[in-house]
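In what follows, a structure is listed as structure tokens, so that the remarks can point back to it.
The values are calculated or read from the model by the stated rules, or taken from the named source; none is laboratory data. Here the structure is a predicted model, which is why all the values come from computation and not from measurement. Note that we place each Cβ from the backbone using ideal geometry, even for glycine, and neighbour counts take in every protein chain shown. Quick note on the areas: whole protein, heavy atoms, side chains included, nothing else; ligands and nucleic acids left out. Shrake-Rupley method; radii C 1.70, N 1.55, O 1.52, S 1.80 Å.
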Amino acid sequence: MFDIPALDLPPLRSAGGRVRLPGSKSISNRVLLLAGLAEGQTRVHDLLDSDDTRVMLAALRALGCGLDTSADGVLTVTGIGGRLRVHEAALFLGNAGTAMRPLAAALAVLAALQGGRFEVSGVPRMHERPIGDLVDALRQLGCRIDYLGNSGYPPLRLGGEAGGTLQTQHEIRVRGDVSSQFLTALLLALPLASGAGPVVIAVDGELISKPYVEITLNLLQRFGIAVQREGFARFTIPQGSRYQSPGQIHVEADASSASYFIALGAIAGLDAPVEVEGVGLDSIQGDIRFVDAAQAMGARIEGGAGRLSIRRGAWPLKAITLDCNHIPDAAMTLAVMALYAEGTTRLTNIASWRVKETDRIVAMATELRKLGAVVVEGADFIEVTPPAGSEAWRAASIHTYDDHRIAMCLSLAAFNPARQPVRILDPKCVAKTFPDYFEALFSLARAETADIPVITIDGPTASGKGTLAAGLAARLGWHQLDSGLLYRATALAAHRQGVAADDEAALAAVATALQLRFDGERVLLAGEDVAAALREEHIGAMASRIAALPGVRTALNALQLAFRRLPGLVADGRDMGTVIFPAAALKVFLTASPAMRAERRYKQLISKGISATIADLRADLEARDERDRNRAVAPLKPAEDALRLDNSGQTVDESVDLVLGWWNQRLPF
């Protein structure tokens, strides 16, 4: 996950490959609550790991449910069997509507019957999302619920006395035209109230998001609750209904998340398809009908059980007019596909967008306009007309409103024909449902090599190149190439094989055969972590000598170029800006004095218990500088267009901030 303030997406050209999606949020949190209320143990396979499921898990744990994750990732939930084990708790549920509404309903019923006092709260946006219609329905039963803030919104206090009763002899009425989660919450919770007789729920108005209610009914059936229904207007929970664990249950991949990759294939699946695993045409999720909408816009889609394959078909895409009541979340992706369509796309019956993580109609209209689209918004619709030609597309910094779906769907704007970059602010908001979304996108997307940005950091030994480069890479979310490690790895491998430091041909062969892989802080050479060994002084000295050999430099050239991958690269060394990446968009050359560098190296060695003197270290550094400056191939020198940085008196953060400032001056945002 990219836990950084902003992630810049360079121009993307095509896409292809295979992606396995995380589990469905809607299914995951429903399954967790049902398993928590059931008696016995339920083994849950492929559960989504995200912000929304974590708050549900934390709540279940606080309420006394047993939670145990095995080595293979399967979660075993030991339920409470419909009997409270904890009678007082304050639960924080983040911005998870799939946790807040159903859990509030279940606790309200349990507290009313068995006694208890519970408070449920969330982030500020959750306290702006309506819950009044659900509270009104629960109060019809006799549940005691108090608003702790604004009436009609969380946070809530739920209470009751042991031995209480509920008024189930009359039907419970709930509005269906604001959020289907209110009905889902009642369906999940009211089996707890069916001891004295059947419980009838009647829906007022036209129910929106019907497919999500179908998911609820399907999962209730899996847990032994056979709800009787009259279409989507009336539901009856039989008397004496009890949650019965199915023993094992698998969470299918998220169909809403699939929409981004279906759109990706429709927009950019040119030479190869985008293949989605984990959800297919047999899905129980309503958002799988996004496939129909994408096909109507021109996508070529094949699929089966648990799989989809998508390619570009018609191009430009075809504008459509669609009632999106059945796919409210996935419909946001259609609004971005409309950027690549001919004509105006009109999406209707999306009033529920306004009560989601943000007011999605306003948010989508605002951000699409930044990109150059013409957008008309209404109470329950949005119309999108794409930019009028490539020249009308604009680079844009996308505000995500702490809304995961805004971030994911608008990332697809990076495939624009004008080759304009797109900045996604607060990319970590995707953690709500798909923490590794951007990693998945980059694994499929292709860009022209020249479009992948590179910042080079060159300078003499011990000037702080690697530290500065690592700080920049972390702040930008980019890859890092520490070219010095490649030469050190070659020196270490040669040393272990007994190859002399002046045997150029043998050293080049060693460099060509390097089995080197970087894994976070680890550097794996032939599978062995050699990070510590690479920092030994004699290996560094040998690396400096062999770096002057043309054969070795040529052998490592292709390996260094291969580090240029999406979304960008920070490369540090001695010739990154002059030889390896001469067209880099920003080149920095460090000019710290030998005295300052010797002092830094001295402190590093002493901290590791290695004896040294500043005088000896300075003499060694000056000798290396002389050798590096005068070697025949790629001598140490600043590129003509490099910016010089004397970081002698700066902290690492100060240097990083300065270079980031230089970089941002070069961007169009």
Accessible surface, 1.4 Å probe, highest first, among residues Ile580, Ile610: Ile610, Ile580
Applied in sequence order to region 24-36, the curve 6.51 cos²θ - 1.76 cosθ + 1.60 (Karplus, θ = phi - 60°) yields integer Hz couplings, x standing for Gly and Pro, of 5, 5, 4, 6, 4, 6, 5, 5, 4, 5, 5, 5, x
CD proxy at 222 nm, helix term only [per DSSP H run n ≥ 4: -39500 (n - 2.57); per residue of the chain; nearest 500]: -11000 deg cm²/dmol
Karplus 3J(HN,Hα) series, Hz, for region 243-255 with 6.51 cos²θ - 1.76 cosθ + 1.60 (x for Gly, Pro): 6, 10, 4, x, x, 10, 8, 10, 9, 6, 5, 7, 5
Over the chain, give the accessible area per residue in Å² for a 1.4 Å probe, as an integer. 38 Å²
With N denoting the number of residues in region 421-460, provide Rg(C-alpha) divided by 2.2 N^0.38 Å, to two decimal places. 1.58
Hey, how many Å between the Cα centroid of region 146-160 and the Cα centroid of region 342-400? 34 Å
Cα-only Rg/Rh for region 241-317 with Kirkwood Rh rounds to 1.12
Multiply the residue separation of Ile4 and Glu230 by 0.36 nm, subtract the distance between their alpha-carbon atoms, and state the gained length in nm to one decimal. 76.5 nm
Under 18 Å between alpha carbons, and skipping anything fewer than 8 positions from Lys210 in its own chain: which lysines qualify? Lys25, Lys356
Tell me, what is the Rg over Rh of region 8-114, with Rh the Kirkwood radius over Cα pairs? 1.10
Using distinct alpha-carbon pairs, which all enter the 1/r mean, Kirkwood radius of region 56-156 in Å: 14.2 Å
Which aspartates and glutamates does Lys318 reach when only Cα atoms under 17 Å apart count, and residues fewer than 8 places away in its own chain are ignored? Asp292, Glu342, Glu383
Rank Val530, Ala547, Leu561 by how far each Cα sits towards the positive end of the charge dipole of region 499-577 (+1 on Lys, Arg Cβ; -1 on Asp, Glu Cβ) and give me just the farthest. Leu561
Any idea how far apart Leu67 and Glu128 come out in nm if each label point goes 7 Å out from Cα toward Cβ? 2.8 nm
Distribution output for the chain: share of Cα-Cα pairs per 10 Å bin in percent, first bin at 0, values 3, 14, 21, 19, 16, 13, 8, 4, 1, 0
With unit charges on the beta carbons (Lys and Arg positive, Asp and Glu negative) and the dipole taken about the Cα centre of the chain, which residue among Thr366, His399, Gly176 sits farthest to the positive side? Gly176
Report, to the nearest 10°, how far helix 614-630 tilts away from the longest principal axis of the Cα atoms in the chain, using its own Cα long axis and a range of 0 to 90°. 80 degrees
Relative to the longest principal axis of the chain, what angle (0 to 90°, nearest 10) does the C-alpha long axis of helix 465-476 take? 20 degrees
Shape call for region 334-401, from the Cα gyration tensor axes a ≥ b ≥ c (a/c under 1.5 means rounded, otherwise prolate when a/b beats b/c, else oblate), comes out oblate
Pairwise label distance in nanometres, Val376 with Leu643, each label 7 Å out on the Cα-Cβ vector: 4.6 nm
Mind checking which lysines have their C-alpha under 21 Å from Lys608, skipping anything on the same chain fewer than 8 residues away? Lys465
Above 27 angstrom, tally the Cα pairs of region 430-587 and express them as a % of all pairs, no decimals. 25 percent
Could you tell me, in Å, what Rg and Dmax come out for the Cα atoms of region 537-644? 15.4, 43
Where the centre of each part is set by its Cα atoms, how far does region 600-631 sit from region 288-330, in angstrom? 62 Å
Could you calculate, for region 376-485, the ratio of the Cα radius of gyration to the Kirkwood radius, expressed as Rg to Rh? 1.06
Kirkwood Rh over alpha-carbon pairs of region 446-496, then Stokes-Einstein at 20 °C and 1.002 mPa s: what D in µm² s⁻¹, rounded to an integer? 168 µm²/s
For region 618-665, the Rg and Dmax computed from alpha carbons only, in angstrom: 14.2, 39
Phi-based couplings in Hz for region 38-43 (Karplus 6.51, -1.76, 1.60; Gly and Pro marked x): 6, 8, x, 10, 10, 8
Between Phe92 and Glu536, Cβ-based FRET efficiency (R0 45 Å, step 0.05) works out to 0.40
For the chain the mean separation of alpha carbon contacts under 8 Å (6+ apart) over residue count, i.e. relative contact order in percent, is 13 percent
Rounded to 0.05, the calculated FRET efficiency for the beta carbons of Arg144 and Gln167 at R₀ = 22 Å is 0.95
Name the residues of region 373-401 whose amide N is less than 14 Å from a point 7 angstrom out from the Cα of Phe442 along the C-beta direction? none
Could you work out, for region 3-51, what percent of all Cα-Cα pairs fall into each 10 Å distance bin, beginning at 0 Å and stopping at the bin that holds the largest distance? 18, 30, 26, 16, 8, 1
Which order do peptides 314-321, 132-139, 386-393 fall in by mean Cβ count within 10 Å, highest first? 132-139, 314-321, 386-393
Using the crude model of +1 on Lys and Arg Cβ and -1 on Asp and Glu Cβ, and no other charge, please compute the dipole size for the chain relative to its Cα centre, in debye to 20. 140 debye
Kindly express, to the nearest 10 degrees and within the range 0 to 90, the angle between helix 210-222's C-alpha long axis and the longest C-alpha principal axis of the chain. 80 degrees
Let me check the size of region 164-255 from its C-alpha atoms; what are the radius of gyration and Dmax in Å? 13.3, 41
Which residues among region 24-43 fall inside the zone where the amide N is under 19 Å from a point 7 Å beyond the Cα of Arg242, along Cα→Cβ? 34-43
